[in-house]
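Let me begin by presenting the structure, written as structure tokens, before commenting on it.
The values are calculated or read from the model by the stated rules, or taken from the named source; none is laboratory data. Please read these numbers as outputs of a predicted model, since none were measured by experiment. Because the Cβ atoms are built from the backbone with ideal geometry, glycine has one as well, and the counts that use them run over all protein chains shown.
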Amino acid sequence: MKRPLALAAAALLLALHQAALAQASCSSEGQAAPTALLERFISADCEACWTDAHAALPRPGAVALDWIVPGAGGDDAPLSAAARQDGLDRLQAIGRAMAPTTPLPTTLLPLRVARGPALGGYIGTSIALQAATDAVYGPLTAWLALVETIPAGADGTAIERNLVRNTLVLDWSAPGEHAEIRPLSVPAGAQAARLRVIGWVEDASARVVAVAQSVCVPADE
């Protein structure tokens with residue numbers, strides 16, 4: 001069992017690498033870094049929260065993440081199919097209101113994120129700081145969210161959403177260069193064509209010091 005999984009993972013990573021070389025991957029290369037990070041949390045019990053046209057919107061230049069957290073209704077909750085325990089973990093970790101906006105410092109560390117093609121239920125992803133860190137920043141934690149960007153008017157939402165479908169959390173506490181390439185599973189029900197990645201890096205006080213989001217660019221552009 002382990003060998004087929006290893007081969008599938010290797011194929012995904014190779015595909016991501018080849019796409020990056022062809023400049024056809026969905027990456028943050030050449031894109032302006034977001035100026036703020038808005039995290040919206042919805043209980044799986046609250047279907048009306050998903051359809052709410054008056055939900056908090058990101059300010060110009062900011063990027064939003066939509067987490068659906070498990071509700072009291074468990075598997076019977078109306079949004080349970082998209083609920084993730086890591087969303088609840090994230091909400092508890094930041095200890096803020098249900099729609100916190102994190103302003104970012106004027107100078108951010110350069111961060112690159114990318115995703116490759118979906119294959120066999122997995123999608124290749126990568127996150128890398130493009131500069132070596134030193135003791136000034138202290139311990140760092142990197143987050144990489146595989147999100148499904150759902151346009152306004154689709155799937156019952158009145159606003160565009162970046163629904164978190166999977167996450168990768170990395171301990172980058174040691175100074176130096178940091179990079180990770182990892183296949184992430186694509187949950188049932190997610191549309192692969194709408195998937196991209198949003199990544200950010202936090203210091204020990206949970207202050208965001210780097211953020212990036214992928215954008216798909218055809219190879220001939």
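Exactly one of these conditions fails for ALA77: (1) modelled with pLDDT of 95 or more; (2) within 19 Å of GLU148 (Cα to Cα); (3) aliphatic (A, V, I, L, M). Give me its number.
Against the list (1) modelled with pLDDT of 95 or more; (2) within 19 Å of GLU148 (Cα to Cα); (3) aliphatic (A, V, I, L, M), ALA77 comes up short only on (2).
Which members of region 29-55 meet the condition of being within 19 Å of the chain's Cα centre (by Cα) and over 15 Å from LEU163 (Cβ atoms)?
Scanning region 29-55 gives GLU29, GLY30, GLN31, ALA32, ALA33, PRO34, THR35, ALA36, LEU37.
Looking at ALA210 and the list (1) surrounded by fewer than 18 Cβ atoms within 10 Å (Cβ to Cβ); (2) of a type outside the set (S, T, N, Q); (3) modelled with pLDDT under 95; (4) assigned to a strand (DSSP E or B), which single condition is not satisfied?
Among (1) surrounded by fewer than 18 Cβ atoms within 10 Å (Cβ to Cβ); (2) of a type outside the set (S, T, N, Q); (3) modelled with pLDDT under 95; (4) assigned to a strand (DSSP E or B), the lone unmet condition for ALA210 is (1).
Conditions (1) at pLDDT 95 or above; (2) over 17 Å from ALA179 (Cα atoms); (3) among the polar types (S, T, N, Q), marked per residue:
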{"position": "GLN85", "(1), (2), (3)": "no, yes, yes"}
{"position": "ARG90", "(1), (2), (3)": "no, yes, no"}
{"position": "ILE94", "(1), (2), (3)": "no, yes, no"}
{"position": "MET98", "(1), (2), (3)": "no, yes, no"}
{"position": "THR107", "(1), (2), (3)": "no, yes, yes"}
{"position": "GLY116", "(1), (2), (3)": "no, no, no"}
{"position": "TYR137", "(1), (2), (3)": "no, no, no"}
{"position": "ALA145", "(1), (2), (3)": "yes, no, no"}
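Return the residue satisfying two criteria in turn: it lies in region 136-158 and is in contact with a helix residue (DSSP H, G or I) (Cβ under 7 Å, 6 or more places away or on another chain) and of a type in the set (Gly, Ala, Ser), and of such residues it is surrounded by the most Cβ atoms within 10 Å (Cβ to Cβ).
Going through the qualifying residues, I end up with ALA158.
Results for (1) under 23 Å from VAL169 (Cβ atoms); (2) without any contact (Cβ under 8 Å) to a residue 60 or more places away in the chain, shown as yes or no for each residue.
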position	(1), (2)
PHE41	yes, yes
TRP67	yes, no
ASP76	no, yes
ASP86	yes, no
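Please work out which residue is modelled with the lowest pLDDT, limiting yourself to region 197-207 and to residues that are among the aliphatic types (A, V, I, L, M) and either part of a strand (DSSP E or B) or over 17 Å from the mean Cα position of the chain (by Cα) (or both).
ALA204
Looking for something assigned to a helix (DSSP H, G or I), modelled with pLDDT under 95 and polar (S, T, N, Q) - is there at least one such residue anywhere in region 17-30?
yes
Please work out which residue is surrounded by the most Cβ atoms within 10 Å (Cβ to Cβ), limiting yourself to region 163-196 and to residues that are of a type outside the set (Gly, Ala, Ser) and part of a loop (DSSP other than H, G, I, E, B).
HIS178
Mind checking which residues of region 56-65 are out of contact with any strand residue (DSSP E or B) (no Cβ under 7 Å at 6 or more places or on another chain) and under 13 Å from GLU160 (Cβ atoms)?
LEU57
Give me the strands (runs of 3 or more DSSP E) completely within region 60-140, filtered to those with at least 2 residues that are farther than 19 Å from ALA36 by Cα and of a type in the set (A, V, I, L, M), ordered by residue number.
Per the criteria, 63-69, 111-119, 122-129.
Mind listing whichever residues of region 149-168 are of a type outside the set (Lys, Arg) and within 23 Å of THR35 (Cβ to Cβ)?
THR149, ILE150, PRO151, ALA152, ILE159, GLU160, ASN162, LEU163, VAL164, THR167
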